[in-house]
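Contents: one structure, followed by commentary.
The values are calculated or read from the model by the stated rules, or taken from the named source; none is laboratory data. Just so it is clear, the structure is predicted and the values come from calculations on it, not from any experiment. Cβ coordinates were reconstructed from backbone atoms using ideal geometry, including for glycine residues, and neighbour counts include every protein chain displayed.
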Amino acid sequence: MRAALLATVSFGMMAGAAFADGEVNVYSYRQPELIQPLLDEFTKETGIATNVLFLDKGLVERIAAEGANSPADVILTVDIGRLIEAKDGGVTQPLQNETINKDIPAQYRDPAGEWFGLTTRGRVVYASKERVPETAITYEELADPKWKGRICVRDGQHSYNIGLFASMIAHHGAEFTEKWLTGVKNNLVRKPDGNDRSQAKSIMSGECDIALGNTYYVGLMLTNDKDPEEKEWAAAIKVLFPNAADRGTHVNISGMALAKNAPNKDNAVKLMEFLSSGKAQEIYADQVFEYPVLPGAKVSDVVASFGPIKPDTLPLVDIAANRKLASELVDKVGFNDGPTQ
Ligand SMILES: [Fe+2]
């Protein structure tokens, strides 16, 4: 209900001006307040106005239904799964642009130019400051019996976990990953449940010692003045970057795509060039506690306090190719049933 209302209100706001010259229409899965500082800076620099339609679901279906008359110019979303869903759903178009391709490393964009990563987020281990003396960890060792009864995690089918499990398949193959998932499942303290933040809460309460979670939630919790309780959850954990000493930490992306029938294509490309630039990357990363994809761009002080991240260097397309298989393995091993031995 709330989602439908938000979508309607936002669209109502943009409808009047959407087709005027000097504008660009953004369809976003990201909250408007997260992207507004970026869009304001873009307008300041170029004079091009932006209109945002926020959706929390059904973005691809909406653009597909609008067809050739869709006002959508640029799509903003999070998660490689959603970017690929947009491409496969036929609502994006290829873009080969020198500036963008120079700024965004090849591992974080579609070779055909149908989507581009803007920021990365690590899928890391949240560990109890009190009960976990370890300062390093690997994803592989999460299946080690030393962690029995000590791990919390959200739904195995959640796209954040599917991305990680797909990267395990990409590195080690399906057979290894099936055994690994079984090992992790049997180290869980309970059935997968909650979201990433609630795993930190479970660590604080002593229910578990380690959990999987995305980096930016730690930043969001640490700075949550609206719900200060979350600061305590975050204070109870430290961030361990898995595989920092070898193949690197799994990262997912937030990203952008050029909509298939973009009516303001020139302005859309200008916005996309801007979003890939160092200035925009730093504004965006700071706003959302993520990592800029542009090498050398700064992270926020809060994120810097976690220590350096060494991202897995596998191209995201190669990881994403294993998402379906990862999802099948989650079901096959009964991951969401929790520990069975
Ligand atoms: Fe998230």
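Here is how the numbers come out for the structure above:
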{"item": "Count of the range 209-236 residues which are within 15 Å of the ligand (Cβ to nearest atom) and not small (Gly, Ala, Ser)", "result": "10"}
{"item": "Residue match in the range 220-240 (condition: part of a strand (DSSP E or B), under 19 Å from the mean Cα position of the chain (by Cα) and over 18 Å from Asp301 (Cβ atoms))", "result": "yes"}
{"item": "Pair list, Cβ under 6 Å, 6 or more apart: the range 83-96 residue at negative phi and without any contact (Cβ under 8 Å) to a residue 60 or more places away in the chain, other residue aliphatic (A, V, I, L, M) and buried (at least 20 other Cβ atoms within 10 Å of the Cβ)", "result": "Glu85/Val60; Gly89/Val60"}
{"item": "Residue count, the range 184-205 (criterion: assigned to a loop (DSSP other than H, G, I, E, B) and buried (at least 17 other Cβ atoms within 10 Å of the Cβ))", "result": "2"}
{"item": "Residue match in the range 76-91 (condition: more than 16 Å from the ligand (Cβ to nearest atom), touching a Leu at 6+ places or on another chain (Cβ under 7 Å) and outside any loop (DSSP other than H, G, I, E, B))", "result": "no"}
{"item": "Residue match in the range 128-135 (condition: surrounded by fewer than 24 Cβ atoms within 10 Å (Cβ to Cβ), within 16 Å of the ligand (Cβ to nearest atom) and among the basic types (Lys, Arg))", "result": "no"}
{"item": "Residue count for the range 150-164, restricted to those that are away from the ligand (no atom under 11 Å from the Cβ), surrounded by fewer than 24 Cβ atoms within 10 Å (Cβ to Cβ) and in a loop (DSSP other than H, G, I, E, B)", "result": "3"}
{"item": "Selection from the range 300-341 of residues that are β-branched (Val, Ile, Thr) and either modelled with pLDDT under 95 or in contact with a His (Cβ under 6 Å, 6 or more places away or on another chain) (or both)", "result": "Thr340"}
{"item": "Glu178 being without any contact (Cβ under 8 Å) to a residue 40 or more places away in the chain, part of a helix (DSSP H, G or I) and in contact with a helix residue (DSSP H, G or I) (Cβ under 9 Å, 6 or more places away or on another chain)", "result": "no"}
